[in-house]
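Here the structure comes first, spelled out in structure tokens, and everything after it is commentary.
The values are calculated or read from the model by the stated rules, or taken from the named source; none is laboratory data. Everything numeric here is computed off the predicted structure, so don't read it as measured data. Glycine gets a Cβ as well: all are built from the backbone with ideal geometry, and neighbour counts include every protein chain shown. Note: accessible area is taken over every heavy atom of the protein model, side chains too, but ligands, DNA and RNA are not part of it. Shrake-Rupley method; radii C 1.70, N 1.55, O 1.52, S 1.80 Å.
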Amino acid sequence: QVQLVESGGGLVQPGGSLRLSCAASEFTLEYYDIAWFREAPGKGREGVSCISVSDGSTYYADSVKGRTTISRDNAKNTVDLQMSSLKPEDTAVYYCAAGLICTFQATDFSSWGQGTQVTVSS
């Protein structure tokens, strides 16, 4: 059973922006730490960002700091990832995941979406 669903991916020119959304229909995201990961061809799954349930603290990979904001919209039961100044190296399938601790370790997250493709190209 798919527990999370990502949306918002697409083809973007370098320097452009995207807002990715993570939604759940069967549980409440505000009860979990939610992370975004990405997986590029030939590379492992990389942690991008995470938002904590305890105090709302946010965490970002060095590669996206200053260009990325993670946020919750509890009314919509979503967690969004706003990315700007996109670079070709941001091209990847982006996944959201729910867990009990905010880490960039994929094994710490038990619920995953199927991913949304982000392609940054001119």
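Values as computed for the structure displayed
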{"item": "Failed item, numbered, when Ala97 is tested on (1) open to solvent by less than 10 Å² (accessible area, probe 1.4 Å); (2) over 17 Å from Val5 (Cα atoms); (3) in a strand (DSSP E or B)", "result": "(2)"}
{"item": "Residue in the stretch 76-84 that is more than 13 Å from the chain's Cα centre (by Cα), of a type outside the set (Lys, Arg) and crowded, with 19+ Cβ neighbours inside 10 Å present", "result": "no"}
{"item": "Hey, Glu89 under 25 Å from Ser122 (Cβ atoms), at pLDDT 95 or above and in a helix (DSSP H, G or I) or not", "result": "yes"}
{"item": "Residue match in the stretch 4-17 (condition: surrounded by fewer than 17 Cβ atoms within 10 Å (Cβ to Cβ) and free of Cβ contacts under 8 Å to residues at least 40 places away in the same chain)", "result": "no"}
{"item": "Subset of the stretch 113-122 that is over 11 Å from Ile34 (Cβ atoms) and in contact with a strand residue (DSSP E or B) (Cβ under 9 Å, 6 or more places away or on another chain) - its residue that is most open to solvent (accessible area, probe 1.4 Å)", "result": "Gln114"}
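Let's see how each residue does on (1) part of a helix (DSSP H, G or I); (2) surrounded by 18 or more Cβ atoms within 10 Å (Cβ to Cβ); (3) more than 10 Å from the chain's Cα centre (by Cα); (4) not acidic (Asp, Glu):
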| residue | (1), (2), (3), (4) |
| --- | --- |
| Glu30 | yes, no, yes, no |
| Gly42 | no, no, yes, yes |
| Val53 | no, yes, yes, yes |
| Gly56 | no, no, yes, yes |
| Ser63 | no, no, yes, yes |
| Gly66 | no, no, yes, yes |
| Ile70 | no, yes, no, yes |
